[in-house]
Each structure stands twice: as C-alpha cells, then as structure tokens.
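What follows is a short report on a single structure.
Every number in this text was worked out from the coordinates using simple rules, so none of it is lab data. Note that the structure is predicted; figures quoted are calculated from it, not measured. Note: ideal-geometry Cβ built from the backbone for every residue, glycine included; neighbour counts use all protein chains shown.
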Amino acid sequence: MSFEPTINSEVIYEGKILDLRLHTIKLAGGKTSQREIVEHNDSVLIVPIDDHGRIILVRQYRKAANKHLLEVPAGGIEDGEEPYAAAERELQEEIGFKSDNLIHIGGFWMAPGFCTEYMHAYIATDLKESSLPPDEDENIEVVYLDIERIEDVIKSGEVEDSKSISALMMVLNFHIRSL
C-alpha cells in the first residue's frame, strides 16, 4: 500500500459549512496527480428509540437530492464540541427530546474518496421531552417508525440516504445482539 505525499495544497473555495482544497500529490511511481478534497467538520447521527419501541426519524427537503428524504436525526459537530455533546444537542434541536441513555455504536466515513467528514453514530433511549430552537434553515417533520419495519423501509426505498441506512442497520444488529 502506498501513501500519497502532498506536494502542494490550496483552498479553492471557502464556504459556510465546507471548504474545497486542491492537493497536488506524488504517486508511488514518482508521477504527480491532483485530489479535490471537501473539508467538512465531523458529524453525528442518532437513532432515537422511544418507550414504545419506535424509531424517531425526520423528513426534510434536501436540495442536492431535490426531494424530501426520511432520515435519522443528524448534524454537524461545532468547533470545540465533543461528539457526545453534539448528539445531545441535535436530538433536542431536531426532535425535541433528550436521552438519559445515549450509546455510541460506531462510526464511518461519509465519502472517503473526496471528503474528510466522519460520522459518529448513537442510539438514544429513555427519551424525555426537551427542545432547543431548531436551525433557522431547517424545516423538519418528525416521523415514528416501528423498529420491526427497518428492513422494509430500506428495501422499499422509503429511506434512501447512506447515513440513515447505515445507522438503521447498525441499530438492527445492535438490537438483535442485545436480545
């Protein structure tokens, strides 16, 4: 396995939530190439499960997909914030609950071919009503899903974004192992 040393790096776009950096790298054979890297803060996703065994999802419009998507609650980790604290905050902002039992179940790279974002995944149970003001640019509908329907909503395409599919499958695996 070879490593790609960076010869030069320059920011070619600076945005509100991401930057785009162009790296000139050296390949194993001595040639050079370029890599476009989206620099994005790490993020969290949470699969909240209420006392009735229902998963709480959110439906929101996603401009890049040009449609409303059914997703697990998720959001970015703010500068200086720990993943656990971000998960607590996102729960309150997106669905109006806090958790007395927030468990880290793993994580994954969102798109490691071109993006630096790593997602930390949590299960949240023992939910209590507690809300924080939502982000001003979000319009979220809260949706309840029986945990037994996880595979159905993935197979049917009702849930189709990669973070939600990954998280729901992690929870399904976690739930089965804990029985």
**Message:** With a cap of 11 neighbouring Cβ atoms within 10 Å, and only residues DSSP puts in a loop, list the GluC sites (Glu not before Pro) found in the range 35-127.
**Reply:** 78
**Message:** Helix 83-94 against the longest principal axis of the chain: what's the angle in degrees, Cα atoms only, rounded to the nearest 10?
**Reply:** 60 degrees
**Fill in**
Loop-resident chymotrypsin sites (Phe, Trp or Tyr not before Pro) in the range 1-97 with no more than 15 other Cβ atoms inside 10 Å, DSSP not H/G/I/E/B, are 3
**Asked** trypsin sites (Lys or Arg not before Pro) within the range 2-70: which are DSSP loop residues with at most 13 other Cβ atoms inside 10 Å?
**Response** 16, 31, 63
**Message:** Taking amide H atoms as placed 1.01 Å from N in the peptide plane, list the residues 5 or more away in sequence, or in a different chain, whose amide H sits under 5 Å from that of residue 77.
**Reply:** 42, 43, 44
**Prompt:** From Cα coordinates alone, what are the radius of gyration and Dmax values for the range 24-104 in angstrom?
**Reply:** 18.2, 60
**Request:** Measure nothing but the geometry: give the 0 to 90° angle between the long axis through the Cα atoms of 162-177 and the longest principal axis through the Cα atoms of the chain, rounded to 10°.
**Result:** 50 degrees
**Prompt:** Can you work out ³J(HN,Hα) from phi for every residue in the range 104-109, in order, using Karplus 6.51 cos²θ - 1.76 cosθ + 1.60 and θ = phi - 60°, giving whole Hz and x for Gly and Pro?
**Reply:** 6, 10, x, x, 6, 7
**Prompt:** Dimensions of the chain along principal axes (Cα, Å, largest first)?
**Reply:** 59, 36, 31
